[in-house]
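Novice: Dropping the structure in here first, questions after.
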Amino acid sequence: MAQAAIELIGINKSFGAVRANRDINLEIVRGTIHGIVGENGAGKSTLMSILYGFYQADSGEIHVGGQPASIKSPNDAIALGIGMVHQHFMLVDNFTVLENVILGAESDALLKKSIAKARSELERLEREYGLEVDPDAIIEELPVGLQQRVEILKALYRGAEILILDEPTGVLTPAEADHLFRILKQLKEQGKTVVLITHKLREIMAITDTVSVMRQGTMVATRETKKTTVGELAELMVGRRVLLRVEKGEAEAGGVKLAVKNLTVKDSRGVTVVDDISFDVRAGEIVGIAGVAGNGQSEMLEAISGIRRAVSGSVMLDGKPIDLTGAADPGELRDRGLAHVPEDRHHVGLVLAFEENENSILGYHDHPRYLRGPFLNVDAIRDDARDRIAKYDIRPADCRLKTANFSGGNQQKIVLAREMEQDPGVLIVGQPTRGVDVGAIEFIHKRLIAMRDQGKAVLVVSVELDEIRSLSDRILVMFAGRIVGERGPEATEGELGLLMAGVEHQEAAQ
Amino acid sequence: MDLFNAIVQVLDSTIRLSVPLLLACLAGLYSERAGVFDIGLEGKMLVGAFAGAAAASVFHSAYLGLGMAILISVAFALIHGFASITHRGNQIVSGVAINFIAAGSTIMLGQAWFQQGGRTPALGSGERFGAVIWPGADALRGVPILGPIYSELISGHSVLVYLAFVAVPFTWWVLFRTRFGLRLRAVGENPAAVDTAGISVAWLRYRALICTGVLTGIAGAYLSMVQNGGFVKDMTAGKGYIALAALIFAKWKPVNAMFACLLFGFLDALSIRLQGTPLPLIGKVPVQFMQALPYVLTVILLAGFIGKAIPPRAGGVPYVKER
């Protein structure tokens, strides 16, 4: 009988009226990789924060290594050999790797000795686990993948035997994620216990030994990974069968709505990031732009929506040019029927400190419907907001709630509702479902297809290949700022993957 | 030779005038590096000055006065901490409140206790900090160039002056060479990282504020017990704010802070020296203009000559665990 590294018995935790964890029982076996899946807001992170002593459970028991444990602060958890890699890294950006590693675990009141000791310890950890990172590098100069490695090193330096990772791949490129998984396997081989929190089912299937599913604060099932399927897990997560692929009819493409010609964009350092791109989007079709993040998609989107300067080229909306000097008036573009759902909803799409109803009209606030003389017509705004909450199933259904208090998926629905309800001729969407849970993904995909069926031109940029394949009528692949290929929706993942990796492109260049 | 003597004199008063700025600036450095904005430096200096002068005149001891100045100033720093750390209040509002309380209470208590219109009684020689004469200072006075520099510039200041300049490398050492300093800098950049590392954010910030209180207390004592022979109402006269400006100017670094404060002290000394003296080409300049000069230059320097000053990232934001 394998020994339990951690046992949670009857854990309850409420935040005000919200019951984040209800009567959770969980056993994590030593020396395994245990996955915990669930939608956003299912209570995974809360549960792990209780285990790490960041929150206190209202009731319930925690056993570590068979002994009852009282974990009142992260200090207690660290002393019990529990380490955590948080979703948002807990690193001091302008400190070096070494300084971050020793923070809170300094061996001496003077830094010199602590750092010398940590340096040799890090060398040992690097050798054992393949966690190479320059100990004197400044954190903010490191790529995210390496920053995450520093978080893992921090936990191991404190003697962690049990490592909790909260959504570790959300910020990583596929290659970085692969490397992380290799490290986790290595840790497992050395006898460490790994707890992996994620909502990406593919990762669960790839790496875990056991998987537990959470839904709305309760633990609904624990399965051996080998004996379950993605479909079963998805169903357990949302409580009903989900369509992983949205059904849609044939596209009936009409005239060209958006024409991009020879578009070239340079970044602030003068490097060409979008290189001579041309394509059309016609009424009644969805064009998907696939590509690994950082291949110019973001810059292209910003240029088309008039918020980034293009060096050359043209973009025609309904046959009339868009100002590409970077000084375009977004309000004017909206009036011309161009709606834009930006990639980064937190910084560009929403004002998180505003109420939901205020965000639901942002950018359309000078529409006569929302004005009463020089004042905002608050009643009309809230009526519309309530309508959209119902229509787009935004939860919680409270238009006076601060936007920051909605989950990622619901925030995305707020932005989508705002842009779609203006009945635009052209809809540009960046990363439609980034950080959005399974149930909401399906909903958003259906709305996008409904837009298409109403004869709108839809341009979708996404780094999720599944999403691109499921939505698009035509798929364009971007690599290194260029469009390297066009495929139909029937293209295989492997075919697109090669294009995204630039393989065919390089061969063609030779 | 006259010019040389004039320069030595200006530099000598530069040192005297920059000491309260330097102490206040280092005080602000501790709290702001820990992520707590402290606009209440002015008020803490003022209560320190009052408490120091009052205690010195009542107990006839300069050192008891200094001790009381530090004690009261630290108490005010803790009030700021209670409002802005424990209760997560707005740090600017709390700091401004402290300045108002300081300005009002010192005058009121001064009048109630000493009946001299808000002043404290003039301090006698044992109740003030006297000058420390370095060995051989008098003997070397006659030596050209080096003599005046040694006996005027280096020797002959109060012990608090030397303390202020020793505090500069000491602060640097604490911040960059000790565990406490590492944690203090970390909590000003990313308190969540400190919290998850198992260190109390609140206690760490309180300790930083105590350092601030000690230094503003010394700064206040310097004003009322060295520069002046007693407390006069509103005697800080905006030095707390100039110290904040110097802190930004110095990009929150101790050694830079010293040079920034010396520069502001120099401008101040120069304006006093040049009052009523006709300048070449311009002629005689009104006193008010010369008095305004340090402030005008402060604005110009802050506006254009320091490049980008990046404050500690968590500055001004009360720490709340994310829900």
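The values are calculated or read from the model by the stated rules, or taken from the named source; none is laboratory data. Note that the coordinates shown come from a computational prediction; the quantities given were computed from them, not determined experimentally. Virtual Cβ from ideal backbone geometry, glycine too; neighbours counted across all protein chains shown.
Novice: Within the range A:168-283, considering only strands (runs of 3 or more DSSP E) that don't extend past its boundaries, which have at least 2 residues that are surrounded by 13 or more Cβ atoms within 10 Å (Cβ to Cβ) and among the hydroxyl-bearing types (Ser, Thr, Tyr)?
Specialist: Fully inside the range A:168-283 and qualifying: A:193-198, A:210-215, A:218-224.
Novice: Take the range A:77-124 and flag every residue that is of a type in the set (S, T, N, Q), surrounded by 15 or more Cβ atoms within 10 Å (Cβ to Cβ) and either assigned to a helix (DSSP H, G or I) or facing another protein chain (nearest Cβ under 7 Å) (or both).
Specialist: Of everything in the range A:77-124, those that are of a type in the set (S, T, N, Q), surrounded by 15 or more Cβ atoms within 10 Å (Cβ to Cβ) and either assigned to a helix (DSSP H, G or I) or facing another protein chain (nearest Cβ under 7 Å) (or both) turn out to be A:94, A:100, A:114.
Novice: Separate question: Within the group A:504, A:490, A:495, A:442, which residue is at pLDDT below 90, acidic (Asp, Glu) and part of a loop (DSSP other than H, G, I, E, B)?
Specialist: A:490
Condition check ((1) more than 21 Å from residue B:265 (Cβ to Cβ); (2) at pLDDT 95 or above) across all residues:
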site	(1), (2)
B:21	no, yes
B:25	no, yes
B:29	no, yes
B:33	yes, yes
B:61	yes, no
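Novice: Test residue B:197 against the criterion of being within 14 Å of chain A (Cβ to nearest Cβ) and of a type in the set (A, V, I, L, M, F, W, C), and give yes or no.
Specialist: Spelling it out, residue B:197 is indeed within 14 Å of chain A (Cβ to nearest Cβ) and of a type in the set (A, V, I, L, M, F, W, C).
Novice: Among (1) part of a strand (DSSP E or B); (2) under 26 Å from the mean Cα position of the chain (by Cα), there is one condition residue A:12 misses while meeting the rest; what is its number?
Specialist: Result: residue A:12 passes all but (2).
Novice: Against the condition more than 10 Å from every other protein chain (Cβ to nearest Cβ) and either crowded, with 21+ Cβ neighbours inside 10 Å or within 26 Å of the chain's Cα centre (by Cα) (or both), how does residue A:50 come out, does it pass?
Specialist: So residue A:50 passes the test.
Novice: Suppose we keep only residues that are within 14 Å of chain A (Cβ to nearest Cβ) and in contact (Cβ under 8 Å) with a residue 12 or more places away in the chain within the range B:125-183. Which one would you say is surrounded by the most Cβ atoms within 10 Å (Cβ to Cβ)?
Specialist: Applying the filter and picking the extreme gives B:183.
Novice: Moving on. Applying the selection to the range A:31-76, what residues are among the hydroxyl-bearing types (Ser, Thr, Tyr) and assigned to a loop (DSSP other than H, G, I, E, B)?
Specialist: Answer for the range A:31-76, where residues must be among the hydroxyl-bearing types (Ser, Thr, Tyr) and assigned to a loop (DSSP other than H, G, I, E, B): A:32, A:52, A:55, A:70, A:73.
Novice: Can you name the number of the only condition in (1) within 14 Å of chain A (Cβ to nearest Cβ); (2) crowded, with 21+ Cβ neighbours inside 10 Å; (3) not basic (Lys, Arg) that residue B:247 fails?
Specialist: (1)
Novice: Tally time: how many residues in the range B:28-56 are assigned to a helix (DSSP H, G or I) and under 24 Å from residue B:185 (Cβ atoms)?
Specialist: Of the residues in the range B:28-56, 8 are assigned to a helix (DSSP H, G or I) and under 24 Å from residue B:185 (Cβ atoms).
Novice: So residue A:132 passes all but one of these: (1) of a type in the set (D, E, K, R); (2) touching a helix residue (DSSP H, G or I) at 6+ places or on another chain (Cβ under 6 Å); (3) within 14 Å of chain B (Cβ to nearest Cβ). Which condition number does it fail?
Specialist: Tallying (1) of a type in the set (D, E, K, R); (2) touching a helix residue (DSSP H, G or I) at 6+ places or on another chain (Cβ under 6 Å); (3) within 14 Å of chain B (Cβ to nearest Cβ), residue A:132 fails exactly one: (3).
Novice: Hey, among B:102, B:56, which residue is in contact (Cβ under 8 Å) with a residue 60 or more places away in the chain, within 20 Å of residue B:159 (Cα to Cα) and surrounded by 22 or more Cβ atoms within 10 Å (Cβ to Cβ)?
Specialist: Exactly one of B:102, B:56 is in contact (Cβ under 8 Å) with a residue 60 or more places away in the chain, within 20 Å of residue B:159 (Cα to Cα) and surrounded by 22 or more Cβ atoms within 10 Å (Cβ to Cβ), namely B:56.
Novice: Residue under question is residue B:42, and the condition is that it be crowded, with 17+ Cβ neighbours inside 10 Å, more than 20 Å from residue B:254 (Cβ to Cβ) and either modelled with pLDDT of 95 or more or of a type in the set (Ser, Thr, Tyr) (or both); does it hold?
Specialist: yes
Novice: Which members of the range B:240-263 meet the condition of being within 18 Å of residue B:223 (Cβ to Cβ) and out of contact with any Leu (no Cβ under 7 Å at 6 or more places or on another chain)?
Specialist: B:241, B:262
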